[in-house]
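Report on the structure given below.
Just so it is clear, none of the values below were taken in a lab; they were calculated from the coordinates. Just so it is clear, the model here is predicted, and its values are computed rather than measured. Every residue, glycine among them, receives a Cβ derived from its backbone with ideal geometry; neighbour counts consider all protein chains shown.
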Amino acid sequence: MSAASRDEGLVRKVGPWGLAAGVVSIVVGAGIFAVPAALAAAVGPYAPLAFLACGLVIGAVTICFAEGGSRMPTSGGVYGYIEAAFGPFIGFVAGMLLLTGDVLACGGVTAALADVAASVAPQSLVPTVHAAAIVGVIGTVALVNVAGIAHAARFVSVTTALKLIPLAIFIAVGCTHLHGVSFVGAAQPDTDGLGRAALLALFSFIGMEAPLAASGEVAQPSRTIPRALGMAMVLVTLIYVAIQVIAQGILGDSLAHSGAPLADAMGRISPPLRVVMLVGAAVSMFGWINSDLLGSPRILFAFGRDGRLFRVFGLVHPRTRAPYVAILAYAILAMVLALTGTFAELAILSTLTTGTLYGLGCVAAWLLSRRGVAVAGPPLNFRWLNTATCIGVLGMSALVVLASWQEIAGLATLIGISALLYMIPFRKVLVRQ
C-alpha cells in the first residue's frame with residue numbers, strides 16, 4: 001500500500017518541537033536514573049566516554065532514520081520505509097519485531113511505575129494499588145491519544161518538560177559539588193567491561209522509533225523529521241554525558257554500588273533533593289509511557305491498513321481522526337503484560353529486536369536514497385549517508401554480538417514466528433473485509 005493510502009484520513013499536525021519532545025521523552029526514560037551505576041561498575045570513570053561513543057553510533061542511526069523518514073514519512077515509521085526498501089515480507093517481519101519490542105517495553109515500564117505507586121500503600125492494599133495504577137496510567141494515556149493527535153502531542157510535550165526538570169536540577173546543583181579525586185586512580189577496564197558498557201549505553205539511547213511511527217501525522221515531514229531527530233538526539237547525548245560525569249564526581253567509587261545513583265548523589269547534598277530524584281524517576285516512567293502510546297499503536301494501525309493483520313486496526317475515529325482501535329488494542333495488550341509481569345524475562349530480547357531493526361532501517365534509508373524515492377517533497381539528501389549507514393550497521397551488529405547465545409536464539413525464534421505468520425494461509429482469511 002502507498003504511503004498516501006495508508007495515511008488517508010489522518011491529520012498532519014505534529015510539528016518539529018512536538019516530535020522532538022516525543023523522541024526525548026521516550027529515549028530519556030527511567031533507565032537514566034539507574035544506568036550510571038551499572039556503567040560505573042563496568043568501566044569506572046570512563047563511563048562518560050561510553051555514552052559519548054554510543055551517542056556517535058546512535059547519531060549515525062539517527063541520520064539514517066532522518067533520511068528514511070524524510071523520504072517515506074508514513075504511519076509505522078521505520079516499518080514503512082523498511083517495507084518500501086525491501087518489500088512486504090521483510091517489512092512485515094520488521095514491523096512485527098518492532099511492535100513486539102515496543103509493547104513488551106511498555107508493559108515493563110508500566111509495571112515498574114506501578115511498583116513505585118504500590119510501595120507507598122499499606123501492605124494489604126499493595127496488589128490493588130499495583131493493578132489500579134497500571135489500568136489508570138495506560139487507560140488515561142490511551143484516552144488522551146484517542147482524543148486526537150494534537151492533544152496527544154501537547155500532552156507529550158508537557159510530560160517531557162516535567163521529566164526533564166529533575167534532570168536539570170541534578171545537573172545544575174550537581175556541577176557545583178564535584179570532587180576531582182573521583183576521576184583519578186581508576187584501573188583500565190577489561191574487554192568484558194567495555195562490552196557491557198557499550199550494551200548499557202546503547203540501550204539508553206534506544207527508543208526514537210516509537211514516536212516516528214506517527215510519521216503519517218507529522219506536518220511537513222521531509223523537513224520536520226530530520227530537524228526533530230537532530231535536536232532530540234543531540235540534547236539526549238549532552239544530558240547523558242553530563243549526568244554520568246556529575247554522578248561520578250559526587251559519589252566516586254560508591255557510584256558502582258548505588259541502587260538509585262541520582263537520588264544518592266543528591267542525597268549527599270540535600271535530603272529533599274533525594275526525594276525530588278525519586279519522584280523524577282516516576283515522572284520519567286509516565287512520560288515514557290505517554291510517548292510510547294503516541295507512536296507504537298500506529299504500527300498496528302499501519303498493519304491494519306496494509307492488510308497484514310485485522311483490518312479493523314486500520315480504522316480512524318470519525319471525529320478525532322485518531323486510529324482509535326489500534327490505540328485501544330495496544331493499550332489493552334500493554335496492560336495485560338504489565339499485570340502479569342512477563343516483560344522482565346524479555347527485556348534484553350526487546351533491546352536486541354530494536355538493534356536489529358535499527359540496522360535494517362539504516363540499510364533501508366540508504367536504498368531509498370539510491371533509488372531516489374521521495375513521496376513528500378525534497379528529502380534530507382545527507383551528503384555522507386554512506387558513512388552513516390556503515391557506522392550504524394556495524395554498531396547495531398555489535399549490539400547483537402554482545403548478547404548471549406540464548407538471547408540471540410530468542411531473537412531468531414521471534415523472527416521465525418513473524419515470518420510464519422506472514423506466510424501461513426489462514427492470515428489471508430483473518431484480514432479479509
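Counted by Cβ distance under 11 Å from LEU294, the other residues give a net charge of 0, where Lys and Arg count +1 and Asp and Glu count -1. Relative protection proxy for 269-275, 396-402, 58-64, from highest mean packing down: 58-64, 396-402, 269-275 (other beta-carbon atoms within 10 angstrom).
Here the relative contact order of the chain, from alpha carbon pairs under 8 Å that lie six or more residues apart, stands at 35 percent.
Stretching the chain fully between VAL400 and THR128 yields a gain of 94.0 nm (0.36 nm per residue, less the alpha carbon separation). Springs join every pair of Cα atoms under 10 Å in this Gaussian network model of the chain, and among LEU39, LEU97, LEU162 the largest mean-square fluctuation is at LEU162. Computed over the chain with a Gaussian network model linking Cα atoms closer than 10 Å, the most mobile of PHE170, PHE382, PHE303 is PHE382. Computed from Cα atoms, the angle from the helix 297-306 axis to the main principal axis of the chain rounds to 20 degrees.
Can you tell me, using C-alpha contacts under 8 Å and at least 6 residues apart, the relative contact order of the stretch 266-382 as a whole percent? Across the stretch 266-382, relative contact order equals 12 percent. With N the number of residues in the stretch 251-337, Rg(Cα) / (2.2 N^0.38 Å) evaluates to 1.69. Put simply, when 109-115, 319-325 are sorted by average Cβ atoms within 10 angstrom per residue, most first, you get 109-115, 319-325. Once both labels are positioned 7 Å from their Cα atoms along Cα-to-Cβ, the gap between SER119 and ARG321 label points is 4.3 nm.
With R₀ set to 41 Å, the beta-carbon distance separating PHE89 from ALA219 gives a calculated FRET efficiency near 0.80. Of TRP366, TRP288, TRP405, the residue with the greatest mean-square motion in the GNM of the chain, using alpha carbon springs below 10 Å, is TRP405.
So if I take the centroid of the Cα atoms in the stretch 372-411 and the same for the stretch 94-122, what is the distance between those two points in Å? Answer, in whole Å: 26.
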